[in-house]
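Notes for the one structure printed next.
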Amino acid sequence: MTTLSTNTPTAELQAIDAAHHMHPFTHSAGLAAKGARIITRADGVWLNDSDGNRILDAMAGLWCVNVGYGRNELAEAAARQMRELPYYNTFFQTSHVPAIALAERIAKLAPGDLNHIFYASSGSEANDTNLRLVRTYWAEKGQPQKQWVISRWNAYHGSSVGSGSLGGMKGMHAQGGMPIPGIAFIDQPHWWAEGGDKTPEEFGLERARQLEEKILELGPENVAAFIAEPVQGAGGVIVPPETYWPEIQRIVDHYGILLIADEVICGFGRTGNWFGSQTMGIKPHIMTIAKGLSSGYQPIGGSVLCDEVAEVIGNCEFNHGYTYSGHPVACAVALENLRILEDESIVDRVRTETGPYLKERFETLTDHPLVGEAKIVGMMGSLALTPDKAARAPFASDAGTVGFICRERCFSNNLIMRHVGDRMIISPPLVISKDEIDTLIERAWQSLDEAHAKLKDEGLMQAAPRA
Ligand code: PXG
């Protein structure tokens, strides 16, 4: 067997990767033919690849590296904890200092009486926990028939069978027998794509009222919870109209169903507040957290419960948990990450300084002929690509064809910007500087120009006929 290192030639790494490593959400044969991009090092907002490129990571990894790459403090925290207590479980009436300290810290940061955490190692696991939590909650309250959980089409809540069922990704449902029973879906508040001739405000109310209709259809006595991301991330950074969340809050309050805010992307500063629920003005009973909790330096997530839900669950034996629930190294790293976010006022800076600057610069991209709208909250943003801005028209080509072309141009300009269908999305590390924001926008503009030229050459600037 060869000893591989970052000095191994790219082609050799790619060949071994293709032979033995199956990538998530990937057509492996297609990737094998092309070869994976190999990332070797990173610092701040910059990635290095095995071909010597310096790449601006405008996605913070997968929406998670909030404090940026290369934080020695986090490496030290992990090493210290590994030496002292690398592992112990939190089952069988035991606990340890990192799990206790992080629980206390999260209770302080989380709004309202969200004071209790059930640990997991990922957002998917935490949402699986949530599904069992809300159903157990109602059963313990003598209403075991309250089992339905309502979610939204195009929501992303994870990739395990439970969390993938909670999500509304039809491509995922098509593989492997999802969704499991007891999950219902309403439409997303995506005005640009689905709002037709309505104003965003009218449309936001209409989409929120689908929740009421769905509750009445299922019977309020049968509905346990509604789950949603404050701002949809993986669905394409879809910022709901202002009328949406107040109406949703009114409906969940009125029918007495639990609200689960999936903060896996929105949490820990992404929207300019500690939690997206604060930015959107909502009061969840449960929040799902992961990603930014440790800035991705360790796999950790969890469900944050309000006092009442924790009390009800606390009065039964909840038969659920993971080997790595409250992993000491992950907790120690998360604690240090939260210290950095606080001590360096990173969340405040996103709200008052770098976030507004990014918004101003990002919105200039709507001057580009390909861009119909730019939406941004804090440091998560999206661009709608369109052949006809006034009509908000989609392209005639299959959804994602144009987005993919644009993403390839970004890659070749050393900018990581993703596409979701024909929307381009960003979610940079929260520590991105104003100069780096300028570079991001310049590279994005350049990539849009190149994509536009290619689309014109290939006759792809055609609008789909109106439905
Ligand atoms: N909830 C939300 C809102 C997420 O964005 C999860 C749950 C699941 O977390 P884990 O840690 O199990 O992955 C996520 C994850 C993408 C992409 O392509 C997004 C996620 C994961 C992978 C890819 O944008 N979000």
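The values are calculated or read from the model by the stated rules, or taken from the named source; none is laboratory data. All figures in this text were calculated on a predicted structure; none of them were measured in a lab. Positions of Cβ are generated from backbone atoms using ideal geometry, with glycine treated the same way; all protein chains shown enter the neighbour counts. Side chains are part of the model used for accessible areas, which takes the heavy atoms of the whole protein and leaves out ligands, DNA and RNA. Shrake-Rupley method; radii C 1.70, N 1.55, O 1.52, S 1.80 Å.
A residue that is outside the structural domain of E194 (by TED's automatic domain parsing) and closer than 20 Å to S295 by Cα cannot be found anywhere in the range 384-407.
Any chance the range 182-190 includes a residue that's without any contact (Cβ under 8 Å) to a residue 60 or more places away in the chain and open to solvent by 30 Å² or more (accessible area, probe 1.4 Å)? Within the range 182-190, one or more residues are without any contact (Cβ under 8 Å) to a residue 60 or more places away in the chain and open to solvent by 30 Å² or more (accessible area, probe 1.4 Å).
Checking each residue of the range 103-119 against the condition of being within 16 Å of the ligand (Cβ to nearest atom) and not β-branched (V, I, T) gives at least one match. Here the range 45-74 is the region considered, the condition is being part of a strand (DSSP E or B) and open to solvent by 30 Å² or more (accessible area, probe 1.4 Å), and the residue that is farthest from R443 (Cα to Cα) is Y69. Among the residues of the range 307-354, just one is in the same structural domain as S160 (by TED's automatic domain parsing) and of a type in the set (K, R), namely R339.
Within the range 255-265, track down each residue that is of a type in the set (G, A, S) and within 13 Å of the ligand (Cβ to nearest atom).
A261
Checking each residue in the range 242-258 for being surrounded by fewer than 22 Cβ atoms within 10 Å (Cβ to Cβ) and not in a helix (DSSP H, G or I) picks out E242, T243, G256. Scanning the range 266-281 turns up one or more residues that are of a type outside the set (F, W, Y), surrounded by fewer than 20 Cβ atoms within 10 Å (Cβ to Cβ), in contact with a Phe, Trp or Tyr (Cβ under 9 Å, 6 or more places away or on another chain) and not in a helix (DSSP H, G or I). Residue pairs whose Cβ atoms lie under 9 Å apart, sitting 6 or more positions apart in sequence or on different chains, and linking a residue in the range 350-362 that is open to solvent by 10 Å² or more (accessible area, probe 1.4 Å) to a partner that is in a helix (DSSP H, G or I) and acidic (D, E), are R361/D438.
Residues being closer than 30 Å to K198 by Cβ and more than 23 Å from the chain's Cα centre (by Cα) are entirely absent from the range 408-428. Assuming S95 fulfils every condition listed in (1) more than 24 Å from F275 (Cβ to Cβ); (2) open to solvent by 60 Å² or more (accessible area, probe 1.4 Å); (3) outside the structural domain of A310 (by TED's automatic domain parsing) apart from one, which condition is it? Every condition holds for S95 apart from (3). Scan the range 417-447 for residues that are open to solvent by 10 Å² or more (accessible area, probe 1.4 Å) and either out of contact with any Leu (no Cβ under 7 Å at 6 or more places or on another chain) or assigned to a helix (DSSP H, G or I) (or both) and report the count. Adding up the residues that qualify gives 15. Within the range 266-286, is even one residue within 15 Å of A184 (Cβ to Cβ), touching a strand residue (DSSP E or B) at 6+ places or on another chain (Cβ under 8 Å) and within 16 Å of the ligand (Cβ to nearest atom)? Scanning the range 266-286 turns up no residue that is within 15 Å of A184 (Cβ to Cβ), touching a strand residue (DSSP E or B) at 6+ places or on another chain (Cβ under 8 Å) and within 16 Å of the ligand (Cβ to nearest atom). Scan the range 282-310 residue by residue and report those that are farther than 21 Å from S95 by Cβ, open to solvent by 40 Å² or more (accessible area, probe 1.4 Å) and not in a helix (DSSP H, G or I). Selection gives K283, H285, G296, Y297. Among the numbered conditions (1) without any contact (Cβ under 8 Å) to a residue 60 or more places away in the chain; (2) open to solvent by 10 Å² or more (accessible area, probe 1.4 Å); (3) within 25 Å of the chain's Cα centre (by Cα), tell me where P220 comes up short. Against the list (1) without any contact (Cβ under 8 Å) to a residue 60 or more places away in the chain; (2) open to solvent by 10 Å² or more (accessible area, probe 1.4 Å); (3) within 25 Å of the chain's Cα centre (by Cα), P220 comes up short only on (3). Selection over the range 345-393 of residues that are under 21 Å from the mean Cα position of the chain (by Cα) and of a type in the set (G, A, S) gives a count of 6.
Do we have I215 as in contact with a strand residue (DSSP E or B) (Cβ under 9 Å, 6 or more places away or on another chain), hydrophobic (A, V, I, L, M, F, W, C) and modelled with pLDDT of 95 or more here? Yes: the conditions hold for I215. Please verify whether the range 311-320 includes one or more residues that are closer than 13 Å to Y119 by Cα and open to solvent by 50 Å² or more (accessible area, probe 1.4 Å). No - not one qualifying residue is present in the range 311-320.
Filter the range 161-195 down to the residues that are of a type in the set (S, T, N, Q) and more than 17 Å from V239 (Cβ to Cβ), then identify the one that is farthest from the chain's Cα centre (by Cα). In this case the residue turns out to be Q175.
Residues that are away from the ligand (no atom under 12 Å from the Cβ) and either open to solvent by less than 10 Å² (accessible area, probe 1.4 Å) or on the phi > 0 side of the Ramachandran plot (or both) within the range 159-168 comprise just one, S165.
Of everything in the range 47-69, what is of a type outside the set (D, E) and within 16 Å of the ligand (Cβ to nearest atom)? Give them in sequence order.
Hits for the range 47-69 are A58, M59, A60, G61, L62, W63, C64, V65, N66.
Filtering the range 133-158 to residues that are surrounded by fewer than 18 Cβ atoms within 10 Å (Cβ to Cβ) and within 16 Å of the ligand (Cβ to nearest atom) leaves only W153.
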